[in-house]
Amino acid sequence: MSPSFFNEMYDGPGVRAPYARLEDWMRAMPAELRQMKQAEAEALFRRIGITFAVYGEGGDPDRLIPFDMFPRVFTGAEWARLERGIKQRARALNAFLVDVYGRGEIVRAGRIPARLVYLNEAYEKAVVGFVPPRGVYSHIVGIDLVRTGPDQFYVLEDNCRTPSGVSYMLENREIMMRMFPAIFRENRIQPVERYPELLRRTLASVAPAKCDSAPTVAILTPGHYNSAYYEHSFLADLMGVELVEGQDLFVEGEFCYMRTTEGPKKLDVIYRRIDDAFLDPLCFRPDSALGVPGLMDVYRSGGITIASAPGAGVADDKAIYTYVPEMVRFYLGEEPILENVPTWQCAKDDDLKYVLENLGELVVKEVHGSGGYGMLVGPKSTKDQIEAFRAKIEEDPSNYIAQPTLALSTCPTFVEQGIAPRHVDLRPYCLVGERIELVPGGLTRVALKEGSLVVNSSQGGGVKDTWVLAE
């Protein structure tokens with residue numbers, strides 16, 4: 001592995017402090033034991049039911065996300081800085097959403113181009129002028145972070161709609177504690193298992209104006225064919241709330257009700273895991289069978305809270321991303337704690353020219369793309385692939401942004417040959433309601449292919465447990 005990549009465990013010949021107690025554990029694990037433990041972990045994941053669907057693939061649609069047993073470790077001080085930066089960013093993103101569905105002060109001030117906001121396909125005119133409870137549009141903000149050095153962290157992207165993966169954060173920890181109880185006794189690792197309790201508390205704290213008793217919360221899922229269905233049912237179980245589909249709900253008068261064996265029950269908060277377009281066939285896509293007719297009328301009249309709010313997606317658009325540091329300055333009057341990755345917008349002529357001249361060195365992404373799809377990793381692509389992507393960009397420049405190929409940090413990873421460094425990123429989950437909270441840790445994704453920088457599970461990546469040490 002190139003020395004230009006920061007290795008999170010090794011500092012030259014020595015071991016960095018956060019990993020000090022893991023070196024002996026690593027070296028004391030013979031290959032046979034490691035293989036046995038890996039098989040045990042896979043059996044546990046399979047038995048629990050943690051699988052994910054991969055769209056567009058033949059055969060079994062459900063498979064395991066590869067789990068790597070070597071944990072990723074942060075010191076308490078490293079995490080404290082990340083936590084401050086994540087909370088700051090979540091505040092700014094929510095302030096932006098309230099603003100652009102209201103007076104649009106940041107656009108009037110010339111800080112963000114109007115077309116990026118108001119012509120954005122994720123901008124929902126149906127909620128213009130509406131301020132959700134506590135002014136929160138995005139209740140669960142997944143901030144994807146990469147590291148390039150001891151103190152260098154960058155935000156790769158913001159996920160303000162329905163960030164997935166938190167079930168893996170929780171189950172990775174559960175399985176590590178079950179398989180290696182001794183290392184948890186030897187290391188002071190901050191817990192993550194309070195996440196479902198914090199999530200429920202966050203959702204209850206944003207109950208609508210017309211809720212006059214303890215809020216009833218439910219998770220709205222598209223159904224068991226969805227790639228994240230396991231996570232929907234897992235969180236519903238841990239929070240002690242109902243998992244519902246659109247057909248389980250109906251609107252009557254000013255409220256939305258859930259069908260139960262004991263008759264209709266009024267719902268106050270819906271944690272939706274379906275896209276805006278499918279929420280209400282009377283407001284959005286008329287052919288949607290996943291949503292609830294009339295739901296948006298109830299929402300706008302203060303009869304129910306939808307988390308995250310319809311329209312939140314305009315804040316995690318990859319072109320809007322470039323302006324988040326400006327949002328922090330504009331709304332909070334602060335300097336950003338976490339930096340963006342330098343980004344070129346192909347909608348700008350000068351940026352487009354630079355990108356087309358340097359395609360072989362850049363990572364190019366679709367503005368609305370996700371999951372590692374619709375992107376070009378220049379240094380890893382063939383000439384034919386680059387030229388094919390060039391044609392796509394030239395056809396619709398505004399659909400693409402480009403970024404430099406970052407020297408993502410590596411973390412030791414168990415591979416067939418033994419232990420080797422592999423590139424990692426991190427998705428912490430920030431909960432926004434009456435207060436802003438996050439558990440110490442997140443989902444570490446790892447690019448299991450040697451040299452690969454793409455960590456998405458849909459592209460062959462795996463996951464690790466993420467430790468934050470108590471100070």
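The values are calculated or read from the model by the stated rules, or taken from the named source; none is laboratory data. For clarity, every value in this text was computed on a predicted model and none was experimentally measured. Neighbour counts are summed over all protein chains in view; Cβ atoms, including those assigned to glycine, are modelled from backbone coordinates with ideal geometry. For the accessible areas, the whole protein counts, side chains as well, though only heavy atoms, and no ligand, DNA or RNA atoms are used. Shrake-Rupley method; radii C 1.70, N 1.55, O 1.52, S 1.80 Å.
Remarks
- Estimated translational D of region 28-187 in µm²/s (Stokes, Kirkwood radius over Cα pairs; 10 °C; 1.306 mPa s): 80
- Note on residue 119/residue 225: beta-carbon distance plugged into 1/(1 + (r/R0)^6) with R0 of 25 Å gives a FRET efficiency of 0.15.
- For region 139-186 and region 223-255, distance of Cα centres in Å: 24
- Taking the Cα atoms of region 142-188, the ratio Rg/Rh between the radius of gyration and the Kirkwood radius comes to 1.12.
- Computed from the Cα positions only, the extents of region 143-301 along the three principal axes stand at 57, 35, 32 Å, in decreasing order.
- In units of the rule-of-thumb radius 2.2 N^0.38 Å, region 428-471 shows an alpha carbon radius of gyration of 1.51.
- Here the chain is assigned +1 on the Cβ of each Lys and Arg and -1 on the Cβ of each Asp and Glu. Its dipole about the Cα centre then comes out at about 760 debye.
- Hypothetical label at residue 434: residues of region 208-224 whose amide nitrogen lies under 17 Å (7 Å Cα-Cβ projection): 208-217
- For the chain, calculated [θ]222 nm from helices alone, where every DSSP H run of n ≥ 4 adds -39500 (n - 2.57): -8500 deg cm²/dmol
- Counting only heavy atoms of the protein chains and using a 1.4 Å probe, residue 115 has close to 110 Å² of accessible surface.
- Pair-distance distribution of region 76-128: all C-alpha pairs, bin width 10 Å, starting at 0; shares per bin in whole percent are 22, 42, 21, 14, 1.
- Evaluated at q = 0.21, 0.22 Å⁻¹: base-10 log I(q)/I(0), Debye formula over Cα of region 315-400: -1.00, -1.06
- Exceeding the 31 Å Cα-Cα cut-off - candidates 353/464; 380/464; 87/383; 125/266; 348/464: 353/464; 87/383; 348/464
- ³J(HN,Hα), Karplus 6.51/-1.76/1.60, whole Hz, each residue of region 248-259, x for Gly, Pro: 7, 10, 8, 9, 9, x, 8, 9, 10, 10, 10, 6
- Kirkwood Rh and Cα Rg combined as Rg/Rh, region 175-256: 1.12
- Cβ-placed point charges (K, R +1; D, E -1), dipole of region 370-456 about Cα centre in debye, nearest 20: 200
- Here the label points at residue 23 and residue 301, each 7 Å from Cα along the C-beta direction, are separated by 6.7 nm in the simple model.
- In summary, the helical segments of the chain meeting the span-like criteria, namely a full DSSP H run, a Cα extent along the axis of 27 angstrom or more and a mean Kyte-Doolittle hydropathy of at least -0.5, are 76-100.
- Cα lying deepest toward the dipole's positive end in region 227-358, options 332, 269, 322, charges on Cβ: 269
- For region 417-432, backbone phi angles converted through the Karplus equation (6.51, -1.76, 1.60; θ = phi - 60°) give residue-by-residue couplings of 7, x, 10, 8, x, 9, 6, 9, 10, 9, 10, x, 10, 9, 9, 10 Hz, Gly and Pro being listed as x.
- Near the amide H of residue 305, within less than 5 Å, lie the amide hydrogens of 269, 270, all on another chain or at least 5 residues away, with H placed in the peptide plane.
- D (Stokes-Einstein, µm²/s), Kirkwood Cα radius, region 335-471, 1.306 mPa s at 10 °C: 93
- When 210, 365, 353 are compared by accessible area of protein heavy atoms, the largest-first order is 353, 210, 365, using a 1.4 Å probe.
- Against the criterion of solvent-accessible heavy-atom surface with a 1.4 angstrom probe, 297, 349 sort, most first, into 349, 297.
- Ordering 236, 77, 41 by the projection of their Cα atoms onto the charge dipole of the chain, which places +1 on the Cβ of Lys and Arg and -1 on the Cβ of Asp and Glu, puts 77 at the extreme positive end.
- Overall shape of the chain was characterised from the C-alpha gyration tensor. The equivalent ellipsoid obtained from it has semi-axes of 35, 29, 21 Å, in decreasing order.
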